[in-house]
Amino acid sequence: MYMMDLTATKYKDVRKTVDTVLLPIGMIEMHGPHCSLGTDVWIPREFVRRLDKVIGDRVIMAPEVAYGHSWGLSPFAGTIDVSAEAFTQYVYEIGKEFHRNGFRQIILFNGHGGNIPSLTTVAEKLADLGMRVLTINWWVDYREQILEVTKGPGHGGEDETSLILAIDEKLADPTLAGDHQSSLNPKIKFSKYGKELFKDGYLGNAGAATAEKGERLYQMMLELVLADIKDLWRVSYESIN
Ligand SMILES: [Zn+2]
């Protein structure tokens, strides 16, 4: 169920039996000439819509954190970059509030690469409070299986663009993009790193994206996400009982 739809009375009632909350976390940023700025918000939102149909009676779907940290894409128009320090603290404070509200499990469902280091810190700090934390970075966690559907990953690349097309074909136009690869070594950072790595604001073969591939990716990854959530619950129950 969606937290924003509940009254406080209903919320208190639901809280007697539901102690897992899912917090979607995204980013507003440049995604090439072909994908909408909200790409990293749209994809977690779509996962939530599908998850709610399956486990909506056991998980409260919290409103998303739409703004995150993006050092690499900050030179591009449309990127609203929050510092890593502020973002880490902000997401931690939200998680802490859910803990104070009685939640014992939290799922941080992330849609954006630049958020990963912050969310690792957040997960550790929330675990120290006594919460069990599942962090999902879909393109990292399920990379192997994704490659069976779309050939190459990348920011605004074939996988991400396909997932957007499967939501709404008006949100992306793969004909505006091509195949942009980079030979930059990601271990080396320098001031114009993002501009050189992403060039037109994306990476990968976005031109090969289709809605059909996106739908296959959602269906495949939904099962993997559900398996991870079941693992989270298993840890929880073993620890509580
Ligand atoms: Zn993205």
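The values are calculated or read from the model by the stated rules, or taken from the named source; none is laboratory data. Treat the numbers as computed from the prediction; the structure is a model and nothing was measured. Cβ sites come from the backbone with ideal geometry, for glycine too, and all protein chains shown count toward neighbours.
Whether any residue in segment 165-181 is more than 23 Å from Ala211 (Cβ to Cβ), away from the ligand (no atom under 16 Å from the Cβ) and not in a strand (DSSP E or B) is what I want to check.
Yes, that holds for at least one residue.
I'm told Gly68 meets every condition in (1) touching a helix residue (DSSP H, G or I) at 6+ places or on another chain (Cβ under 8 Å); (2) part of a helix (DSSP H, G or I); (3) within 15 Å of the ligand (Cβ to nearest atom) except one. Can you identify the failing condition by its number? Unmet for Gly68, out of (1) touching a helix residue (DSSP H, G or I) at 6+ places or on another chain (Cβ under 8 Å); (2) part of a helix (DSSP H, G or I); (3) within 15 Å of the ligand (Cβ to nearest atom): (2).
Across segment 166-186, which residue is surrounded by the fewest Cβ atoms within 10 Å (Cβ to Cβ) among those that are out of contact with any Gly (no Cβ under 8 Å at 6 or more places or on another chain) and more than 21 Å from Asp40 (Cβ to Cβ)? Looking at the filtered set, the residue picked out is Ser183. Can you find even one residue in segment 110-119 that is touching a helix residue (DSSP H, G or I) at 6+ places or on another chain (Cβ under 6 Å) and more than 20 Å from Gly157 (Cα to Cα)? Yes, some residue in segment 110-119 is touching a helix residue (DSSP H, G or I) at 6+ places or on another chain (Cβ under 6 Å) and more than 20 Å from Gly157 (Cα to Cα). Cβ separations smaller than 7 Å between residues 6+ apart or across chains give the following pairs from segment 30-42 residues that are more than 10 Å from Ala66 (Cβ to Cβ) and in a helix (DSSP H, G or I) to residues that are β-branched (Val, Ile, Thr) and more than 10 Å from the ligand (Cβ to nearest atom): Trp42/Ile167. Remark: pairs (first residue in segment 73-90, in contact (Cβ under 8 Å) with a residue 60 or more places away in the chain; second residue exposed (fewer than 13 other Cβ atoms within 10 Å of the Cβ) and in a loop (DSSP other than H, G, I, E, B); Cβ separation under 9 Å; 6+ apart in sequence or on different chains) = Pro75/Lys192. Residue-level check: of (1) more than 16 Å from the ligand (Cβ to nearest atom); (2) of a type in the set (D, E, K, R); (3) at pLDDT 95 or above; (4) surrounded by fewer than 18 Cβ atoms within 10 Å (Cβ to Cβ), Lys189 misses just (3). Within segment 71-88, being touching a helix residue (DSSP H, G or I) at 6+ places or on another chain (Cβ under 9 Å) and within 28 Å of Arg132 (Cβ to Cβ) holds for Val82, Ala84, Glu85, Phe87, Thr88.
Listed here are the helices (runs of 4 or more DSSP H) enclosed by segment 98-158 that have at least 1 residues being charged (D, E, K, R), within 16 Å of the ligand (Cβ to nearest atom) and touching a residue at least 60 places away in the same chain (Cβ under 8 Å): 138-141.
Here are some residues: Val54, Val18. Which one is of a type in the set (A, V, I, L, M, F, W, C), over 14 Å from the mean Cα position of the chain (by Cα) and either at pLDDT below 95 or outside any helix (DSSP H, G or I) (or both)? One residue alone meets the criteria, Val18. Please determine whether any residue of segment 23-35 is closer than 24 Å to His155 by Cβ, touching a helix residue (DSSP H, G or I) at 6+ places or on another chain (Cβ under 7 Å) and more than 16 Å from the ligand (Cβ to nearest atom). Scanning segment 23-35 turns up at least one residue that is closer than 24 Å to His155 by Cβ, touching a helix residue (DSSP H, G or I) at 6+ places or on another chain (Cβ under 7 Å) and more than 16 Å from the ligand (Cβ to nearest atom).
Quick one: would you say Asp81 is modelled with pLDDT of 95 or more, assigned to a helix (DSSP H, G or I), more than 10 Å from the ligand (Cβ to nearest atom) and closer than 24 Å to Leu163 by Cβ? Against the criterion (modelled with pLDDT of 95 or more, assigned to a helix (DSSP H, G or I), more than 10 Å from the ligand (Cβ to nearest atom) and closer than 24 Å to Leu163 by Cβ), Asp81 does not qualify.
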